[in-house]
Amino acid sequence: MSTQQSDIGLIGLAVMGENLVLNMESKGFSVSVYNRTAAVTERFAGGRAKGKNIYPAKSLEDFVSSLARPRKAMIMVKAGGPVDAVIEQLIPLLEPGDIIIDGGNSLWTDTQRREKALKEKGLHYVGAGVSGGEEGALNGPSIMPGGSEESWKSVGPIFRKIAAIVEGEPCCRHMGTDGAGHYVKMIHNGIEYGDMQLICEAYAILKAAIYPTAEEFHQIFADWNKGELNSYLIEISEQIFAKKDEETGRPLVDLILDKAGQKGTGKWTVGNAVEHSVVLSTVNAAVEARILSSMKTKRVAASAILPVWEAPPFTGDRKQFINDVRDALYASKIVSYAQGLDLLGTASKFYGWNLNFGDIATIWRGGCIIRAAFLNRIKEAYEANPSLENLMLAPFFTDVFAKSQAGWRRAIVSAVERGVAAPAFTASLGYYDSYRSARLPANLLQAQRDFFGAHTYERVDKPEGEFFHTNWTGQGGSTASTTYNA
Ligand code: NBP
C-alpha cells in the first residue's frame, strides 16, 4: 500500500473525470485516481498526468489508502447503476467521517436515497452537479453541491478553488442538504434545453422571413452577443455560423442533420414540474421539439402528404425584424427562467432545502452552459427582494417586457404567417399572457366540468369557498343551482 496521502481522489477517468483531476492538480491539490479499466488509468498516468501530483491507484484498496482523512472520494462515472456499483465497492474500505462525492448527472432522488443509506454507516454523501462540459471541467466549471453542512466544510474549499470565477466570486456555493445540488443541476439542464430551443427558433424565424446567409447569421449573433443576450450559447452559435465544412466549403451548420439527441435531464425536469403542478412550458416545448426533430423519417413522409402553406413574402424592415426576433428571444428567455425558478422554489419548500436564488444565479454566471450576462440581473432582483413571487415581476424585468413585447408578438406572428414552428416562443408568450390575465377562460371550463361531472364551481359575485352545482339540462328535476359551503 502506498504512503501517498492525497487531498482528494477521483474514480472514473472519462472526459469529465480526467479534466477535473487536471484542474484540481493545477490548483495545488494532490489527487489519487482510479478507473475500472486499468488501461485507462495507465494511459492517463503516462500521458496528461505525467509529472503531475497525481497518484494512479492500481486497485480500489490502493486508491482508498492513498487518501488523507477524512477521505474524499469523488465519483465521475456514468449516472445510474455504475454509481451504485462504485459506492458498494467503496463502503467496506471507508471509515466513518469519510466523504463520497458524486459529480455526475445523477437523479436527485437517487442522491437522496444514497445519502440516507450512507448516513446510517457514518459516511457523508455529497451529490454535486458539475456543469460546463469537458472544457469547464478543465478550466473551471460551475459546481452545485448538496449534502450536509459538515461535508461542505471539507469539500467546499476544494470546489471553490477549482470552480470558474466571475467578478472574483467562485461559481460554487452550497445548495442545500441531500439531493439539492443534483436537483439544481437538473433545473440548470432543463433551462439549457429551453435556451437552446429558443435560439433555434430565432434562427428558424429569421431564416423563413429574410433568408440571412450563414455570414449574416454570424454577424447577427455577434451583435446580439454584445447586448442583453450576451451568453455562452449565443457566442458559440456565432462561431458555429462561421464554420465552413472542409469537404464542401459550405457552412457546416447547413450540412448537419436536423435530428436532436437528448440524455434525459430535460425530461426529468418536465416530469418533476408536472408532479409539483408548476408550469414549465418553455422547457417542455424544448423537450418536445427535440422529440419531434428525432422523428425525421416520419416528418419527411408527412411533408409530402400534408398541405403546403404558401408563406407571404417579407415586406417589412429587415433591421427592425432582426430586432423583433432578438426581443422575442430575450423576453421568452426571461419567462423560461421565471418558470425554472418557480419550480426550484416549489421543490425547495417541498424538500426543505431553503434554496437561495441569488446564490444559484451567482454560480450560473460562469463555467456552465447557460452562463449569461443576464444572470446578474436575476441575482440583483433576488438581492433586492428575496421573496419575489415570480422573476417576471421584478421591476427590471417588467421594464424589459414593456419594451420588448411588441417585437416579441410581431416575431411570433411572422412565424405563424410563414408556417414556422416556434413552440418555445409561443409557450413563453402564452405563459406571460396567462400570468398577467386577471381573468382567464377557465369560467367556461368550470362550467363544462360541472355540466358533465357535477364538479361544482365558485362564482365571481359570491365569496370564495362557496361552491355551486347547476342542473344544466333540467333533466330529472329543477334547473336551479345548489350551494355547497366549503
Ligand atoms: P461517462 O458518463 O461516459 O462514463 C464513463 C466512465 O464511467 C468511465 O470511467 C467508465 O469506466 C465508468 N464506468 C461505467 Br460506464 N460503468 C462503471 C461501473 N460499473 N463501475 C465503475 N466505473 C464505471 O463519462 P463522462 O462523460 O466523463 O461523464 C461522467 C459523469 O459526468 C456522467 O454522470 C455525466 O452525465 C456527467 N457529465 C458529463 C458531462 C459531459 O460533457 N460529458 C458534463 C456534465 C456532467 P471504464 O473506463 O472502465 O469503462
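The values are calculated or read from the model by the stated rules, or taken from the named source; none is laboratory data. Note that the structure is a prediction, hence the values are computed from the model and not measured. Using ideal geometry, Cβ is built from the backbone for each residue, glycine included, and neighbour counts are taken over all protein chains shown. SASA here: full protein model, heavy atoms, side chains in, ligands and nucleic acids out. Shrake-Rupley method; radii C 1.70, N 1.55, O 1.52, S 1.80 Å.
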**Request:** Select from segment 142-151 the residues that are closer than 12 Å to R173 by Cα and in a loop (DSSP other than H, G, I, E, B) and write down the one among them that is nearest to the ligand (Cβ to nearest atom).
**Result:** G146
**Item:** Any pair with Cβ under 9 angstrom, 6 or more apart, that starts in segment 396-423 at a residue that is not assigned by TED's automatic domain parsing to the domain that holds S281 and ends at one that is open to solvent by less than 60 Å² (accessible area, probe 1.4 Å) and at pLDDT below 95
**Value:** none
**Asked** Is it the case that segment 108-117 has a residue that's within 22 Å of the chain's Cα centre (by Cα), surrounded by fewer than 24 Cβ atoms within 10 Å (Cβ to Cβ) and of a type in the set (S, T, Y)?
**Response** yes
**Prompt:** Which number in (1) crowded, with 21+ Cβ neighbours inside 10 Å; (2) under 28 Å from the mean Cα position of the chain (by Cα); (3) closer than 25 Å to E25 by Cβ; (4) away from the ligand (no atom under 11 Å from the Cβ) marks the one condition that A137 misses?
**Reply:** (4)
**Request:** Among the residues of segment 285-310, write down those that are open to solvent by 50 Å² or more (accessible area, probe 1.4 Å) and either assigned to a loop (DSSP other than H, G, I, E, B) or in contact with a Ser or Thr (Cβ under 9 Å, 6 or more places away or on another chain) (or both).
**Result:** M295, R299, A304, I305, L306, P307, V308, W309, E310
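A quick yes/no check of all residues on (1) open to solvent by 70 Å² or more (accessible area, probe 1.4 Å); (2) touching a strand residue (DSSP E or B) at 6+ places or on another chain (Cβ under 8 Å); (3) not β-branched (V, I, T):
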| site | (1), (2), (3) |
| --- | --- |
| I199 | no, no, no |
| A202 | no, no, yes |
| L206 | no, no, yes |
| A209 | no, no, yes |
| I220 | no, no, no |
| S231 | no, yes, yes |
| V253 | no, no, no |
| G264 | no, no, yes |
**Prompt:** A438 passes all but one of (1) open to solvent by 30 Å² or more (accessible area, probe 1.4 Å); (2) in contact with a helix residue (DSSP H, G or I) (Cβ under 7 Å, 6 or more places away or on another chain); (3) in a loop (DSSP other than H, G, I, E, B); which number fails?
**Reply:** (2)
**Message:** What pairs come out if I take residues in segment 123-138 that are touching a residue at least 60 places away in the same chain (Cβ under 8 Å) and pair them with residues that are within 7 Å of the ligand (Cβ to nearest atom) and part of a strand (DSSP E or B) whose C-beta lies under 7 Å away, six or more apart or interchain?
**Reply:** A137/V130
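E466 - would you say it is among the acidic types (D, E), touching a Lys or Arg at 6+ places or on another chain (Cβ under 9 Å) and not assigned by TED's automatic domain parsing to the domain that holds L198?
So E466 fits the description; yes.
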**Filtered residues of segment 23-48 (kept if more than 14 Å from L67 (Cα to Cα), in contact (Cβ under 8 Å) with a residue 40 or more places away in the chain and crowded, with 19+ Cβ neighbours inside 10 Å)** = N23, M24
